[in-house]
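S.K.: Below: one structure in structure tokens.
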Amino acid sequence: MQNAHRASRLWRAIAKNWGLYLLIAPSFILLLFFTYFPMYGVQIAFKDYNLMAGITRSPWADPWYKYFQRFFNSYQSELVIKNTLLLGLYSIAAGYPIPILLGLLINQMRPGKFRRVYQTVTYIPHFISTVVLVGMLNIMLSPSSGLIGAIYKLFGAQAPNLLASPRLFPSLYVWSDVWQNAGWDAIVYLAALASVDPNLYEAATVDGAGKRQKMLYIDLPMLLPMSCVMLILRAGGIMNVSFEKAYLMQNDLNLSVSEMISTYVYKLGIINSQYSLSAAVNLFNTLVNLALLLLVNQITRRLGDTSIL
């Protein structure tokens, strides 16, 4: 009886707000079909998947962790996990604080043409595709026909092949990503700073505070909740190094540092047709991301009372 009453109240609420439910229906349907329904295929990681038999009729692996064991016993497992984790940490260390700093600096600029132009210039690179970005890197850093090669030729020297250097690959990957996305990410922090009461700045000015003091004692505390949320989201994707960029920048000379879990899964599943093994590796990657997300979420909740879960 009680359950029937609750169901009746739910349907009355839906009927009352049918316009709002209709508004979110397309997003819900897309989420359902492209996020939740594909989870059905996760069982491939626990089956001896046969393309002709399909997911349902393929036999279960014996033991169930067969493909996880195969991955961890392979000589490449340690390499791809280490490369992915180090590049993910490097990306957070460089890409997380710079948008915050950029947002603070833009917020302190006087409203006017220069501020608008500066903000536009910083976020326009976000709209450059990954393919074009890697092409730009090749053009600029090519030892034979690139900008670096031309500079070296002016001094009669042979330019090094920077894109083939294992030592430089992480920095080229991370800092090109920072250049591309820092301005766009700063918009989130500018939106948070837009909600600051102007009376706080006026009171700080009356008390003799300069721009640095305003940033430290007004802007930064206001950005703390948003910055914690962004950190949690970044931590949840620490192992999701961009496949497109890593694969396009990859070559035989830098393979020791550019082989990531995403590129490894692509080669296993698409090129070598080892579907069960690639699904197991990708599932492991997802579980690590989930664990990191929950860990950082718990830490920020205890330290700053901010969380997304």
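S.K.: Could you work out the relative contact order of region 1-65, using alpha carbon pairs under 8 angstrom and six or more residues apart, expressed as a whole percent? Don't skip to the answer; put the middle values down first.
M.R.: Details: 21 pairs, mean separation 12.2, N = 65.
It rounds to 19 percent for region 1-65.
S.K.: Here is a follow-up. Taking only DSSP H segments of four or more residues, each worth -39500 (n - 2.57), what value at 222 nm results for the chain once the sum is divided by all its residues, to the nearest 500 deg cm²/dmol?
M.R.: Here the helix-only value at 222 nm equals -20500 deg cm²/dmol.
S.K.: Go through Lys47/Lys82; Lys47/Lys245; Lys113/Lys245; Lys245/Lys267; Lys153/Lys245 and tell me which ones have a Cα-Cα distance over 24 Å in this structure. Don't skip to the answer; put the middle values down first.
M.R.: Working: Lys47/Lys82 27 Å; Lys47/Lys245 31 Å; Lys113/Lys245 34 Å; Lys245/Lys267 15 Å; Lys153/Lys245 29 Å.
Table pairs above 24 Å Cα-Cα are Lys47/Lys82; Lys47/Lys245; Lys113/Lys245; Lys153/Lys245.
S.K.: Let me ask you something else. For region 62-160, just say rounded, prolate or oblate: build the C-alpha gyration tensor, square-root its eigenvalues into a ≥ b ≥ c, call rounded for a/c under 1.5, and beyond that prolate if a/b exceeds b/c, oblate if not.
M.R.: Here region 62-160 falls in the oblate category.
S.K.: Sticking with this one: Placing unit charges on C-beta atoms (Lys and Arg positive, Asp and Glu negative, everything else neutral), compute the dipole magnitude of the chain about its Cα centre in debye, rounded to 20. Don't skip to the end; give the middle numbers.
M.R.: Details: 23 positive and 13 negative charges, 114 e Å.
Charge dipole, the chain, about its Cα centre: 540 debye, nearest 20.
S.K.: As an exercise, use a Förster radius of 35 Å and the Cβ-Cβ distance of Met109 and Asp305 to find the FRET efficiency, rounded to the nearest 0.05.
M.R.: For Met109 and Asp305, the calculated efficiency is 0.65.
S.K.: Next question, about the same structure. Ordered by packing density, taken as the mean number of other Cβ atoms within 10 Å over each peptide's residues, highest first, how do 239-246, 276-283, 296-303 rank?
M.R.: 276-283, 239-246, 296-303
S.K.: Hey, another quick one. Which of the three applies to region 98-236, rounded, prolate or oblate, going by the alpha-carbon gyration tensor with a ≥ b ≥ c and a/c under 1.5 meaning rounded?
M.R.: prolate
S.K.: Let me ask you something else. Please list the helices of the chain that count as membrane-span-like by this rule: a mean Kyte-Doolittle hydropathy of at least 0.0 together with Cα atoms stretching 20 Å or more along the helix axis, each helix being a complete DSSP H run.
M.R.: For the chain, where a helix must reach 20 Å along its axis and average at least 0.0, the hits are 77-95, 169-193, 220-235, 275-304.
S.K.: Where the accessible area of region 113-180 is counted over protein heavy atoms with a 1.4 Å probe, how much of it, in %, is carbon and sulfur?
M.R.: It is 69 percent, rounded to a whole number.
S.K.: If you count, for each residue, the other Cβ atoms within 10 Å and average over each peptide, how do 184-192, 254-262 line up from highest to lowest? Let's see the in-between values first.
M.R.: Numbers: 184-192: 18.0, 254-262: 20.1.
Packing proxy ranking, top to bottom: 254-262, 184-192.
S.K.: Please list 165-178, 128-141, 28-41 highest first by mean number of surrounding beta-carbon atoms within 10 Å per residue.
M.R.: 165-178, 128-141, 28-41
S.K.: Could you grab the relative contact order for region 144-239? Cα pairs under 8 Å, six or more apart, rounded to a whole percent.
M.R.: 19
S.K.: Taking all protein chains as present, what is the carbon and sulfur share of the accessible area of region 245-301, in % to the nearest whole number, probe 1.4 Å?
M.R.: Here carbon and sulfur together make up 67 percent of the probe-accessible area.
S.K.: With a 1.4 Å probe and all protein chains left in place, how much accessible area per residue does region 75-169 have, in Å²?
M.R.: Here the residues of region 75-169 average 61 Å² of exposed surface.
S.K.: Now, a different point. Relative contact order for the chain: what percent, with Cα pairs under 8 Å and sequence separation of 6 or more?
M.R.: Value for the chain: 24 percent.
S.K.: What does the charge count around Gln213 come to, taking other residues whose C-beta lies under 15 Å from its C-beta (Lys +1, Arg +1, Asp -1, Glu -1)?
M.R.: Details: positive: Lys211, Arg212, Lys214; negative: Glu202, Asp207, Asp219.
Neighbour charge sum, excluding Gln213 itself: 0.
The values are calculated or read from the model by the stated rules, or taken from the named source; none is laboratory data. Computed from a prediction, not measured in an experiment: that's the story for all the values here. Every residue, glycine as well, gets a Cβ built from its backbone with ideal geometry; the counts of neighbours run over all protein chains shown. We work out accessible area using only protein heavy atoms, side chains counted, and drop any ligands, DNA or RNA first. Shrake-Rupley method; radii C 1.70, N 1.55, O 1.52, S 1.80 Å.
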